[in-house]
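**Q** Starting off with a structure, shown below.
The values are calculated or read from the model by the stated rules, or taken from the named source; none is laboratory data. All values derive from a computational prediction rather than experimental measurement. Neighbour counts run over all protein chains shown; Cβ positions are idealised from the backbone, glycine included.
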Amino acid sequence: MKKLAAEHWVLLESEKFSVLSNADLAQTTTIINDLDYFSQFVITTLNLSPVRLKRKITLVLVTDDKLFRALGMPKNYVGIFIEREGGVVFARVDKFRSVDNGRSSGRLIVFHELVHVLMRLNQQSKPSPVWYNEGIAEYLGTYQQKNGAVIIGDIAALRDGFYSQSPRGGQRYKGVDSESLFKLTQQELTIGAKVSPSHTAFVDGIYARSAAVVHYLDATPERRKAMHRYLSLIHEGVSIDNAFEQAFGGTYRAFDQRVNHYVRKRKMGVRTFPLDVEAMAKKEKTITVVELSQWQTMVLLHAKISLFSDTFLGAGVREKMDANFERLFSELAADDL
């Protein structure tokens with residue numbers, strides 16, 4: 001908590017978002033502006049129902065790994081979200097650049113988590129398959145604005161671990177076959193305080209292969225239609241095997257071969273969408289700077305970190321955090337008086 005208290009924090013709010021960050025005001029303003037436009041793009045592209053928020057989506061964004069660890073985040077992770085309180089995102093933004101300034105791993109991290117939040121806010125009782133959730137979050141996270149258009153699917157914008165069976169393509173992971181991928185459960189991706197290197201590699205491989213599959217399926221109108229057909233069947237309660245056969249035809253092995261060919265032959269192009277210039281012109285008019293004392297900032301941070309379960313934080317971490325906060329609370333509250 002002392003590391004967090006030593007930082008200078010900025011709180012900005014828009015109609016949908018509340019962003020607390022130790023980045024400077026200019027960078028935080030860039031981030032919240034990009035979040036507003038990106039969220040509308042995601043809602044439109046995925047045909048989601050307009051979100052009526054009971055409370056604003058909160059993002060806690062920090063500029064280095066040590067601070068991210070100080071927030072209680074697991075080792076080797078750079079972003080995560082919680083469904084509680086309308087959605088809370090924790091992420092690193094040390095490599096965040098605006099959407100019109102080229103590729104950015106920091107932007108991909110934040111946008112990936114935001115896709116999860118927006119999808120969960122729009123899902124009723126039947127969530128989408130894990131592979132689709134992770135794949136579409138990675139895929140849409142590549143969002144850029146260039147030459148008057150929105151660009152999605154630039155594989156160079158994806159994380160270094162993008163899965164490819166070609167030795168030319170980034171870090172290689174043990175192959176993830178489609179049947180295993182489509183039958184993956186959320187529990188298999190569970191993270192927490194004690195994350196083994198092998199589990200981290202497994203999760204990274206799942207994310208990357210999921211992105212490859214979504215990229216492949218979204219590349220043509222026919223395959224896109226088949227993907228939406230599959231998701232509809234799953235939501236209707238059809239079994240995974242039957243939904244796969246009805247939507248894609250053939251075997252999982254044949255599907256693997258088609259995806260691998262798509263990746264290996266570097267057929268992975270991008271999709272472009274028209275840029276809504278009018279919306280861009282309006283988006284900077286609703287940003288508000290919220291003045292917080294150091295004590296108020298720490299109360300807010302403590303409240304958001306406390307949303308995590310004890311399993312996530314690890315044994316004894318909550319008690320230690322609360323004790324440290326109580327000590328700081330007395331000191332900071334006295335300074336505010």
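**Q** Quick check: is even one residue across the stretch 204-221 out of contact with any His (no Cβ under 9 Å at 6 or more places or on another chain), farther than 30 Å from G148 by Cα and in a loop (DSSP other than H, G, I, E, B)?
**A** Checked the stretch 204-221: no residue is out of contact with any His (no Cβ under 9 Å at 6 or more places or on another chain), farther than 30 Å from G148 by Cα and in a loop (DSSP other than H, G, I, E, B).
For (1) modelled with pLDDT of 95 or more; (2) surrounded by 15 or more Cβ atoms within 10 Å (Cβ to Cβ), each residue gets a yes or a no:
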{"site": "G175", "(1), (2)": "no, no"}
{"site": "I191", "(1), (2)": "no, yes"}
{"site": "G237", "(1), (2)": "no, no"}
{"site": "T251", "(1), (2)": "yes, no"}
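**Q** Okay, moving on. Is one or more of the residues making up the stretch 61-79 more than 19 Å from L307 (Cβ to Cβ), outside any loop (DSSP other than H, G, I, E, B) and out of contact with any Phe, Trp or Tyr (no Cβ under 6 Å at 6 or more places or on another chain)?
**A** The answer is yes, given that some residue of the stretch 61-79 is more than 19 Å from L307 (Cβ to Cβ), outside any loop (DSSP other than H, G, I, E, B) and out of contact with any Phe, Trp or Tyr (no Cβ under 6 Å at 6 or more places or on another chain).
**Q** For the structure I just gave you, tell me whether A70 is aliphatic (A, V, I, L, M) and buried (at least 22 other Cβ atoms within 10 Å of the Cβ). Spell out how you get there, then give the answer.
**A** On the way: aliphatic (A, V, I, L, M): yes; buried (at least 22 other Cβ atoms within 10 Å of the Cβ): no.
Judged against the criteria, A70 is not a match.
**Q** State yes or no: is Y139 at pLDDT 90 or above, buried (at least 22 other Cβ atoms within 10 Å of the Cβ) and hydroxyl-bearing (S, T, Y)? Break it down stepwise before answering.
**A** Numbers: at pLDDT 90 or above: yes; buried (at least 22 other Cβ atoms within 10 Å of the Cβ): yes; hydroxyl-bearing (S, T, Y): yes.
Yes; evaluated as a whole, the condition is true for this residue.
**Q** Same structure, new question: Mind listing whichever residues of the stretch 208-264 are under 29 Å from A156 (Cα atoms) and of a type in the set (S, T, Y)?
**A** S210, Y216, T220, Y230, Y252, Y262, listed by residue number.
**Q** Right, something else. With the structure loaded, tell me whether S49 is part of a strand (DSSP E or B) and either farther than 21 Å from T142 by Cα or modelled with pLDDT under 90 (or both) or whether it fails that test. Full working, then the answer.
**A** Numbers: part of a strand (DSSP E or B): no; either farther than 21 Å from T142 by Cα or modelled with pLDDT under 90 (or both): yes.
Taking the combined requirement at face value, the residue does not satisfy it.
**Q** Can you tell me which residues in the stretch 35-74 are more than 30 Å from S232 (Cβ to Cβ) and either of a type in the set (A, V, I, L, M) or in contact with a Cys (Cβ under 7 Å, 6 or more places away or on another chain) (or both)?
**A** Within the stretch 35-74, L59, V60, L61, V62, L67, A70, L71, M73 qualify.
Matching residues to (1) among the basic types (K, R); (2) over 27 Å from T30 (Cα atoms); (3) modelled with pLDDT of 95 or more:
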| site | (1), (2), (3) |
| --- | --- |
| V99 | no, no, no |
| S104 | no, no, no |
| R120 | yes, no, no |
| N147 | no, no, no |
| A157 | no, no, no |
| Y163 | no, yes, no |
| R168 | yes, yes, no |
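**Q** Could you figure out which of (1) at pLDDT below 90; (2) crowded, with 22+ Cβ neighbours inside 10 Å; (3) among the β-branched types (V, I, T) isn't true of T58?
**A** (1)
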